[in-house]
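The values are calculated or read from the model by the stated rules, or taken from the named source; none is laboratory data. Nothing here was measured: the structure is a model prediction, and the numbers come from that model. Don't worry about glycine lacking a Cβ; one is built from the backbone with ideal geometry, like all the others, and counts go over all protein chains shown. Keep in mind that these areas ignore ligands, DNA and RNA; they rest on the heavy atoms of the full protein, side chains included. Shrake-Rupley method; radii C 1.70, N 1.55, O 1.52, S 1.80 Å.
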Amino acid sequence: MKEKNIALVTEAGNGLGKTFADLLLEHNYSVILAACGESYKLLAEKNDFAAGCELLEVDFTSETRLTELYERIQSSWGRLDLLVNNAEIVNGFGQKIDQIKLCEVKALYEVNLFAVIRLIQVLKPLLDESIAPKIINITSALGDITKMTEEEFCYASYNLTAYATSKAALNIFTALLQRELEPSKIRLHTFDPVLMENCTYNSVVVCNGVKDEFISLI
Ligand SMILES: NC(=O)c1ccc[n+]([C@@H]2O[C@H](COP(=O)([O-])OP(=O)(O)OC[C@H]3O[C@@H](n4cnc5c(N)ncnc54)[C@H](OP(=O)(O)O)[C@@H]3O)[C@@H](O)[C@H]2O)c1
């Protein structure tokens, strides 16, 4: 039997993270479900993981927890084949410039951007041990400056300053790292789970039209 690949999905307990984890399980992956807070509690209580799943409690904003995560993956598997950066915070919907609270913006950036950078730094040695390592950063069209400045774009009026700017920053970070890692084995992708052709809003499933795209990346 073909040896299973090892994937880590940040926050795979609910929302789209669960969908990504399920798709990975269907495609010869063992999945580390890494969660914290409410979703970790719910997952731990439910205790009904699919075979091939392992639950770990990780707050991605904590350096100590990330080091523990590295050590755990290192001792159990010795490598990582796929890292899906999915965890997010959304806040400040509709806030105008004089309503924005910088402490909320900073808290959001901790998860949506800084944790992604930190996690890649910490786990890169494990990705380097894989034959074909991959990183997928989950993004959103709200971080696409071209789309967001088109009048007719369905999300153009969404006023989510911290979230949208964090995803734009994630996009440029991904593009820069993609170029840096080109000579290495690691392949880096961004993935937007929402089908933009018809602006389907869907908060818990990967839309059918883009599911195949996700599968093609793993
Ligand atoms: N849903 C959509 O329509 C949509 C559209 C475009 C892009 N996306 C992207 O798809 C991804 C998943 O979206 P979603 O809607 O499934 O998100 P979600 O339901 O809000 O889930 C995000 C998860 O991240 C977790 N999280 C937050 N801070 C964390 C931390 N410090 N450490 C560990 N986990 C943390 C949350 O945990 P708790 O449960 O403990 O709060 C939450 O379960 C995101 O990257 C998002 O930007 C979503």
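Cβ-Cβ distance below 7 Å, separation of 6 or more or different chains: which pairs start in the stretch 19-43 with a residue that is at positive phi and end on one that is open to solvent by 20 Å² or more (accessible area, probe 1.4 Å)?
Here the result reads 28/2; 28/4; 28/5, each pair linking the stretch 19-43 to a residue that is open to solvent by 20 Å² or more (accessible area, probe 1.4 Å).
When the residues of the stretch 148-185 are narrowed to those that are open to solvent by 50 Å² or more (accessible area, probe 1.4 Å) and aliphatic (A, V, I, L, M), which ends up nearest to residue 5 (Cα to Cα)?
176
Taking the stretch 36-46 as the search range and keeping residues that are small (Gly, Ala, Ser) and near the ligand (Cβ under 6 Å from one of its atoms), which one is nearest to residue 60 (Cα to Cα)?
37
Pull out all pairs, ordered by first then second residue, where Cβ-Cβ is under 7 Å, the residues are six or more apart or on different chains, the first lies in the stretch 148-163 and is within 15 Å of residue 94 (Cα to Cα), and the second is of a type in the set (Val, Ile, Thr) and buried (at least 16 other Cβ atoms within 10 Å of the Cβ).
162/105
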